[in-house]
Structure formats: structure tokens, C-alpha cells
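To keep things clear, I will list the structure first and then write my remarks on it.
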Amino acid sequence: MNIALIGYGKMGREIEKIALSRNHKITLVIDIHNIHECTPSNIKKADVAIEFSTPHSAFDNVMKCFEAGVPVVSGTTGWIEKLEEAKKICLEKQQALFWSSNFSLGVNLFFRLNEFLSSLMTNFPDYGIQITEVHHVHKLDAPSGTAVSLAKGILRHYPQMKGWTLLPERKDNMIPIQAIREGEVPGIHTIRYESAVDFIEITHSAKNRQGFALGAVMAAEFLKGKKGVFDMNDLLDIFLCQ
């Protein structure tokens, strides 16, 4: 499979290693030094594009992939206000978009565990909820897209909650999220339910970026030849339904 890499930071380099190890070919690499080469005509040389760029450029990159008629896997977070528009355009133009806030298979299992636990905890209002996420100092958005996805998973079971808020700001009936940036931490996410007598906590800790890169390449393999909008649930179901 021929892959176009749009975004060649630490994640892009890790994706390249994984893709090559799985016998794929990298036909285009776009980074800050050759942004002018990110054109539909160049992207068209690939079977699928993997986009890990920046929040301000992600939407335009995805649109260029649609124009080229090339399926695109996007792992950029921080542009969620434009994501629904991108999905709508994808369906209208009969293109293919695979987006996730996190491509780690472990994290996506964690998402399902989070939903199950929140479905239990909604019956115990004495427990308060807090999400904490820790990432490296280079991460541009806060809270992380993964933390927001976790909050949305909880909110589906807590109709009394109105949304989430980023600490130190606190609001009634809002899930507080603490975002910590330190060192080169690839990603730690913790959900904590705490009462006056005890607490329940679940955590996912990434050891490195390899799990995210592998998930992105597997998503590209899944997406080739498809049309529509997909996410990690579609990929995870392949394993859970075997």
C-alpha cells in the first residue's frame, strides 16, 4: 500500500517505521519544510493518507485528500469544531475519513471500560468525577482529545451533567479535567470517582508512541478502498467480533 504522510513530527516518524515494517511504501512526506508540496496532485499518488499535523492545518489537509480522492486517516486533535463539517463533506463527496482522538488499541479498550464503569457509577451520586491527563510539553491542545472523548463517554450516562470544564475553572454539573504537561510523557489518562469514604480509579498509561502509530497504520489498512466516516470502534469491532 502506498501511504502519504502529512505531518512528520515524532508521530509521523513512528508511523513511517511501523508502515515500512508492515511492507507498505511511503510515497509522500509533508512537514513544515515542504508544505507547498501538500497538493491534491501529489496526494493522489498514494492509496491512503495519514494526517498527523496541527489543529490549524488539519481541516485543509483533509479537504485536499478529499479533492484528490484519497482516503485519509486523521489523528490530529484540537480541531473538533471543524470535525463535523469535515464528516459532512466526506459523506457528500463520497470520500473516506477515519478520525480518532487516539489510535492506541489499548486506549480504545479503555474507552469501553470507561463507558461500562460510568454506567455503573451513575447510580451512586455520592461519588464525584474527575479526569486527569498528562502529556509531553510539546502537545499543542489541552485538554487532550482523548480526555474529551472520555468525558463524552461519561456524559452519555450522566444526563444531569452539562459538559466538561478545564481546571482550574470549576462549574456545577460539569466534569473537571486536569491537563498536565511535563517532560516527554506519551500519555496518561485517569478517571477518578471519589466519595467521602473511598475512591475508584482507572488509568491507561502509554509506554511509548508505538501503540498509537500501529493503530494509525492499521486504520489506514482498514480504510483503503472504503467510502464513509469511520473511527476506532469500527476497527476494534473486527477484533471483538472474532
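The values are calculated or read from the model by the stated rules, or taken from the named source; none is laboratory data. The shown structure was predicted, so the numbers you read here are calculated from the model rather than taken from an experiment. A quick note on method: Cβ atoms are made from the backbone with ideal geometry, for glycine too, and the neighbour counts reach across all protein chains shown.
Can you spot a residue in region 184-205 that is part of a strand (DSSP E or B), touching a strand residue (DSSP E or B) at 6+ places or on another chain (Cβ under 6 Å) and over 21 Å from Ser119 (Cα atoms)? Yes, region 184-205 contains a residue that is part of a strand (DSSP E or B), touching a strand residue (DSSP E or B) at 6+ places or on another chain (Cβ under 6 Å) and over 21 Å from Ser119 (Cα atoms). Being part of a loop (DSSP other than H, G, I, E, B) and among the charged types (D, E, K, R) is a condition met by no residue of region 7-15.
Look at region 170-185: where a residue is farther than 17 Å from Gln160 by Cα and a partner is of a type in the set (S, T, N, Q), sitting 6+ places away or on another chain with Cβ atoms under 6 Å, you get Gln178/Thr132. Listed by first and then second residue, the pairs linking a residue in region 55-70 that is farther than 21 Å from Ala142 by Cα and in contact (Cβ under 8 Å) with a residue 24 or more places away in the chain to a residue that is of a type in the set (D, E, K, R) and buried (at least 19 other Cβ atoms within 10 Å of the Cβ), with Cβ atoms under 8 Å apart and 6 or more places separating them unless they lie on different chains, are Asn61/Glu51; Val62/Glu51; Cys65/Glu51.
Restricting attention to region 40-70, report how many residues are buried (at least 21 other Cβ atoms within 10 Å of the Cβ) and under 18 Å from the mean Cα position of the chain (by Cα).
9
For region 144-157, the set of residues classified as modelled with pLDDT under 95 and assigned to a loop (DSSP other than H, G, I, E, B) consists of Ser144 only.
Number of residues in region 6-34 that are free of Cβ contacts under 8 Å to residues at least 24 places away in the same chain, of a type in the set (Ser, Thr, Tyr) and either over 23 Å from His56 (Cβ atoms) or not assigned by TED's automatic domain parsing to the domain that holds Thr54 (or both) equals 1.
Going by the structure shown, is Ala46 outside any strand (DSSP E or B) and at pLDDT 95 or above? Please lay out each step first, then the result.
Numbers: outside any strand (DSSP E or B): yes; at pLDDT 95 or above: yes.
Considered against the rule, which asks whether it is outside any strand (DSSP E or B) and at pLDDT 95 or above, Ala46 comes out as yes.
Select from region 216-230 the residues that are at pLDDT 95 or above and either within 15 Å of the chain's Cα centre (by Cα) or on the phi > 0 side of the Ramachandran plot (or both) and list them in ascending order. Passing the criteria: Ala216, Val217, Met218, Ala219, Ala220, Gly228, Val229, Phe230. Taken across region 164-178, residues that are out of contact with any Pro (no Cβ under 8 Å at 6 or more places or on another chain), under 23 Å from Ala58 (Cβ atoms) and not assigned by TED's automatic domain parsing to the domain that holds Gly78 do not occur at all.
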